[in-house]
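Scroll down for the structure; my scribbles are underneath it.
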Amino acid sequence: MLRYMTLMLEYLKNYVKTRLTYRADFWVEVFSDLLQQGMNLVFILVVFQHTPLLGGWSQAEVIFVYGFFMIPYGVFSSFFSIWNFSERYIVKGEMDRVLTRPAHSLFQVLLENVDPPSLVGSFVGAIIMAVCWNDLGLVLHWTDLFVLIVFIIGAVFIYGGIYTGLSAISFFSDAPTGIVPLIYNIQNYGRYPINIYNKMIRFVLTWMLPFAFVGVIPASYFLAPKEDNIAQLAMLTPLMGAIVFGVGLTVWNIGVKRYRGAGS
């Protein structure tokens, strides 16, 4: 573990050196991320201009859920930024270089693509949650911060497991599968109350592609009475994160064993 932490620090040092050289790119990226998240927030506000409730949820509650959604998504985007894995590592053959080094291949790939500016979205999400927490008059218990951190970690591992597994598909097919953009769009459904969807979509978002566990379900723990089913379901978030990431890592390891190099 100490060895991997040292490697992480070295990768982050190299990232900082690069960004100090191209500082304008850093701020452009931060502004772009904030603009995207701001447009999503505006969309929610526009929806509530036409209805006072969304599936029984008030505007402040939905924005609270969105604020929670932003926190793990920002962490995930910072440390699991492997959207171009197929093109860079499989098609262009950079995976060969990664496999010659004495460190886990996924760890190397993740750190080579680390994107700290995305963490700005997490801080904005935390601010949104704090404002909504006050507006909703929620009681802050001393255990809530601990539970929040555990839920965030679980949600990050759900994201990481799903996209690690999807990236690993590239080991079995050199051609881009086109499935990542589809899943990226599906994940956005997790930031809205799941009771507004039909049973099939609710099942998919909860148990097949558990994006409900990265937004509405864990956030509901702080909004709903603890005896509510959805609040109780939130306690499964860290377990779901461990399972999903375990599956994604297993698919990755199988793919690496199958990988035979870029060839000629």
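The values are calculated or read from the model by the stated rules, or taken from the named source; none is laboratory data. Computed from a prediction, not measured in an experiment: that's the story for all the values here. So basically every Cβ, Gly included, is an ideal-geometry build from the backbone, and we count neighbours across all protein chains shown. The accessibility values were calculated without ligands, DNA or RNA, using every heavy atom of the protein model including side chains. Shrake-Rupley method; radii C 1.70, N 1.55, O 1.52, S 1.80 Å.
Worth pointing out:
- In the set Ile82, Ile71, Ile63, only one residue is assigned to a loop (DSSP other than H, G, I, E, B), surrounded by 13 or more Cβ atoms within 10 Å (Cβ to Cβ) and in contact with a helix residue (DSSP H, G or I) (Cβ under 7 Å, 6 or more places away or on another chain); that residue is Ile82.
- Exactly one residue out of Ile153, Ile179, Ile169 is modelled with pLDDT of 95 or more, farther than 12 Å from Phe80 by Cβ and not basic (Lys, Arg): that is Ile153.
- Of the criteria (1) among the aromatic types (Phe, Trp, Tyr); (2) within 19 Å of Ser86 (Cβ to Cβ); (3) open to solvent by 10 Å² or more (accessible area, probe 1.4 Å); (4) touching a residue at least 60 places away in the same chain (Cβ under 8 Å), which one Trp252 fails: (3)
- Against the conditions (1) free of Cβ contacts under 8 Å to residues at least 24 places away in the same chain; (2) over 16 Å from Ile196 (Cβ atoms), Gln59 satisfies every one except (2).
- Residues located in segment 108-123, provided they are open to solvent by 20 Å² or more (accessible area, probe 1.4 Å) and at pLDDT 90 or above: Leu110, Phe123
- Reported count of residues in segment 98-114, each being in a loop (DSSP other than H, G, I, E, B), of a type in the set (S, T, N, Q) and under 18 Å from Trp83 (Cβ atoms), is 1.
- Residue in segment 20-27 that is over 27 Å from Tyr189 (Cα atoms) and polar (S, T, N, Q) present: yes
- Selected residue (only one of Ala219, Ala231, Ala242 is without any contact (Cβ under 8 Å) to a residue 12 or more places away in the chain and under 21 Å from the mean Cα position of the chain (by Cα)): Ala231
- For Gly241, the criteria (1) at pLDDT 95 or above; (2) more than 30 Å from Leu99 (Cα to Cα) hold in every case but one, which is (2).
To keep it simple, each residue is scored yes or no on (1) more than 20 Å from Leu106 (Cα to Cα); (2) surrounded by 21 or more Cβ atoms within 10 Å (Cβ to Cβ).
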position: Asn134; (1), (2): yes, no
position: Leu145; (1), (2): yes, no
position: Leu148; (1), (2): yes, no
position: Ile153; (1), (2): no, no
position: Phe157; (1), (2): no, yes
position: Gly160; (1), (2): no, yes
position: Gly165; (1), (2): no, no
position: Tyr189; (1), (2): yes, no
